[in-house]
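Every number in this text was worked out from the coordinates using simple rules, so none of it is lab data. Small disclaimer: the values here were computed from a predicted structure and weren't measured. FYI the Cβ positions are ideal-geometry reconstructions off the backbone, even for glycines, and counts take in every protein chain you see.
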Amino acid sequence: MTDRRGIVHVLLFIALLAMPGIVSMAATAGLEPEVTVDPRVELVSIVFYLSGGPAYTQPSQYQPYRERVDRWFSRLKDHPAVRYAKELRNRYGIGFDAPMSLAIRVSPDPAMRLLVPLDPGPQSFDRRWRASTVREFLKRLRAFRRDSNFDAFFRENRPLYNEVVDRLTQAVHTELDLEWFPKFFGAGARQQGSFHVVAGMLLGGCNYGPSTTLDGQLQRYAILGVWRTGAKGQPAFQADDMSTLVHEFGHTYSNPVVERWLPKLRPFLAELNRRHQAAFERQGYGDADTVGYESMVRAVVGRYLLDTGRAAAARAHEEEQKRREFLWVGDLTRLLGTYEANRAHYPDLDSFMPRVVAFFQDWIATHPAPAAHR
């Protein structure tokens with residue numbers, strides 16, 4: 001999510017912490033992120049889980065929590081909110097990160113007020129949402145929250161949430177360097193705002209990086225799925241998860257840069273998407289623009305790992321991108337090393353983007369499509 005303060009935002013933050021049942025380890029100074037289990041994320045996840053959405057019914061889900069959800073909510077599988085979530089997925093493709101893009105834009109209290117304007121258009125929402133579908137889903141979601149007594153469920157699970165927040169906070173504060181982002185992205189990305197790390201209890205291996213602007217302040221979110229367990233079956237986090245947080249927070253910095261250059265990038269991204277469409281669709285990436293966003297942020301993660309002394313992790317990261325058919329990410333990571341070595345000439349990533357456009361053009365020209373994709 002995207003962040004930062006301002007008087008009105010501080011009031012919203014205070015209200016969030018004061019909400020009955022909210023579980024949080026608040027930021028303490030500088031760029032320290034707030035670590036939470038967020039009732040908005042949990043509520044939306046539960047509705048989409050009940051609807052059968054593939055991103056919300058993964059085998060990697062933390063099973064003890066899934067069983068608690070089943071016991072409390074299974075009687076509501078035919079609730080209007082659940083039926084509408086299924087319609088949203090089937091008709092508009094609203095799944096994976098799209099539900100989370102809505103969750104962070106509503107207030108955490110039972111009124112679930114929209115915090116951003118819908119006119120003109122759902123401001124900065126995932127583009128799969130429409131104003132009419134946002135209004136309709138929120139109406140049904142409020143009813144689901146009331147009919148299911150969700151707030152009582154959230155309070156009942158507070159001990160588990162506390163344990164998850166404690167474990168995740170320890171990993172975040174030990175391993176994550178948020179100061180790196182403004183240094184890397186440069187003057188054009190200096191706006192800081194607030195950082196929020198959210199444990200998505202029902203997300204399994206899925207992770208999301210939505211962001212929004214509230215009262216002129218950027219709110220950056222990294223929503224991390226809970227799936228790994230320790231020796232006694234308790235939720236666990238480790239250093240590897242911090243690469244995921246870098247990825248999700250990185251989106252909030254790199255996506256606006258890529259978006260400004262999409263008119264020049266799209267011909268090359270479209271060709272890469274065509275060549276690897278099946279693999280990308282399996283990962284939830286359905287269009288050329290997303291290939292651009294994902295390529296850049298994966299290269300950014302590579303630079304972060306190298307700059308923070310994790311060369312072995314950087315090599316493993318590059319190999320993982322090849323397995324996911326982002327074959328060019330390693331070379332793009334090395335190209336961004338040229339950017340970092342010449343900051344007097346390139347004050348921010350935007351100023352380096354002509355080199356990135358040329359990189360994709362050259363990649364297409366020098367790496368013919370495999371025979372199966374011609």
> Rounded, prolate or oblate: which fits region 278-355 when a ≥ b ≥ c are the square roots of the eigenvalues of the alpha-carbon gyration tensor, with rounded for a/c under 1.5 and prolate only if a/b beats b/c?
Replying inline: oblate
> By the gyration tensor of its Cα atoms, with a ≥ b ≥ c the square roots of the eigenvalues, what is the shape of the chain: rounded for a/c under 1.5, prolate for a/b over b/c, or oblate?
Replying inline: prolate
> Could you give P(r) for region 44-176, binned at 5 Å from zero, as whole percent values over all Cα-Cα pairs?
Replying inline: 2, 9, 18, 20, 21, 15, 10, 5, 1
> Going through the DSSP H helices of the chain, which span 20 Å or more along their own axis at the Cα atoms while scoring at least 0.5 as a mean Kyte-Doolittle hydropathy?
Replying inline: 349-366
> Roughly what % of DSSP beta bridges within the chain run antiparallel, to the nearest 5?
Replying inline: 55
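Counting pairs of alpha carbon atoms under 8 Å apart in space and at least six apart in sequence, what relative contact order in percent does the chain give?
Here the relative contact order equals 21 percent.
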>> When a/c reaches 1.5 or more, the comparison of a/b and b/c decides; with that in mind, is region 110-255 rounded, prolate or oblate per its Cα gyration tensor?
In response: oblate
> Taking the Cα atoms of region 240-373 alone, what are Rg (to one decimal) and Dmax (as a whole number) in Å?
Replying inline: 14.2, 44
> Once label points are set 7 Å from the Cα along Cα→Cβ at both ARG71 and ARG83, what is their separation, rounded to one decimal in nm?
Replying inline: 2.9
> Normalised by the residues of region 240-373, what does the relative contact order come to in percent, with Cα pairs under 8 Å and at least six apart?
Replying inline: 29
